[in-house]
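Here's the structure we're looking at; comments come further down.
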Amino acid sequence: MSSELSLPIRTYNAFMAAEGLSSKLRDVTRSSVIAGLSIARNPVAQQNWLRFPYYHHVFDDERAGFARQIRYFKNIADVISIDDAVALLESDAPIDGRHICITFDDGFKNWIENAVPILVEEKAVAAFFVAAGYIDTDLKDDHEKLLAFYDDGRRLMEFLSWEDCRTMIDAGMTIGSHSVDHVHLMDLSDAEAEDELRRSKELIEKNTGAPCNHFCCPFGRAGIDYDPARHPEMTRQVGYKSFLTGHRGDNPMGTSPFDIKRDHFLANWGNYQLRYFLGTS
Ligand SMILES: [Zn+2]
């Protein structure tokens, strides 16, 4: 095994280089199309909405973009915590004003290195959903497990420690569950799925000393990665207060906290890309 394999990815450029050319081309095509379409989209034209942007990473070369995006969010909306966002959905009152709840999936070290300092600087908060079985892993001892996190097996990512999670909570952030092993719930028996939900909650609560009330479904597509007839209800029974999906869109009054829609963003995207997706109901 070559020695560079033991170094985790630190830049978006390196991350994309490892993923391969086809998705890079897809990205370029998508952004030029959106640049044209976004002119007609304007999230500020709508007075009342609740959106959940979601990210996976803020790499070293994405810090400036992420800081710009947070300032953009603060300009157009109230940035609120996941507890407040879920309380809004539970209240049964019309959504009053524009609200953004920032979320992150997986558990990467670059959250505490890059994302959290910017959020603190901008006086903003976010919910961070960790795959609990990857927290406190070691780049050397858990090398194979970490490389297998992505299907291509070529991208080594460093994950947070539990101490990092506690530091993030102290900084005002929320830690939620993204299962233990980053599973497709759909592939599991009911007993196995329930075990992932329960054990991740217990691991997070034991290691952070804070309640873990929110669950974000790995991969997040209804009917493909989870069964909308079984898994959100199972999540409620285990004691969570929300189930977040990977489907884009607004969350108007009447949306169940167990069917939250989110908009996937990259921290290096231009504001026009944010405007496009936030302006699409
Ligand atoms: Zn994930």
Tally of residues being away from the ligand (no atom under 16 Å from the Cβ), out of contact with any Ser or Thr (no Cβ under 6 Å at 6 or more places or on another chain) and within 12 Å of residue 207 (Cα to Cα) across the stretch 128-166 = 4
Please name all residue pairs, on different chains or six or more residues apart, with Cβ atoms under 8 Å, provided the first residue is in the stretch 210-230 and is more than 15 Å from residue 200 (Cβ to Cβ) and the second residue is part of a strand (DSSP E or B) and within 12 Å of the ligand (Cβ to nearest atom).
-> 220/244
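Residue-wise test of (1) more than 16 Å from the ligand (Cβ to nearest atom); (2) buried (at least 19 other Cβ atoms within 10 Å of the Cβ); (3) in a strand (DSSP E or B).
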| residue | (1), (2), (3) |
| --- | --- |
| 210 | yes, no, no |
| 215 | no, yes, yes |
| 229 | yes, no, no |
| 236 | yes, no, no |
| 249 | yes, no, no |
| 269 | yes, yes, no |
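Taking the residues in the stretch 50-71 that are closer than 22 Å to residue 246 by Cβ and surrounded by fewer than 21 Cβ atoms within 10 Å (Cβ to Cβ) as candidates, determine which candidate is farthest from the ligand (Cβ to nearest atom).
Going residue by residue through the stretch 50-71, those that are closer than 22 Å to residue 246 by Cβ are 50-59, 62, 65-66, 69-70.
If we keep only those that are surrounded by fewer than 21 Cβ atoms within 10 Å (Cβ to Cβ) too, we end up with 56, 65.
Working: 56: 7, 65: 21 Å.
Only one residue fits best here, namely 65.
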Any residue in the stretch 1-27 that's of a type in the set (S, T, N, Q): show its pairings with residues that are at pLDDT 90 or above at Cβ separation under 8 Å, as long as the two are six or more apart or on different chains.
-> 6/139; 6/140; 6/143; 6/156; 11/59; 11/60; 11/61; 13/61
Which of the following residues is in contact with a Cys (Cβ under 7 Å, 6 or more places away or on another chain), of a type outside the set (Gly, Ala, Ser) and more than 16 Å from the ligand (Cβ to nearest atom): 201, 206?
-> 201
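The values are calculated or read from the model by the stated rules, or taken from the named source; none is laboratory data. Not measured: the values here are computed from a predicted model. Virtual Cβ from ideal backbone geometry, glycine too; neighbours counted across all protein chains shown.
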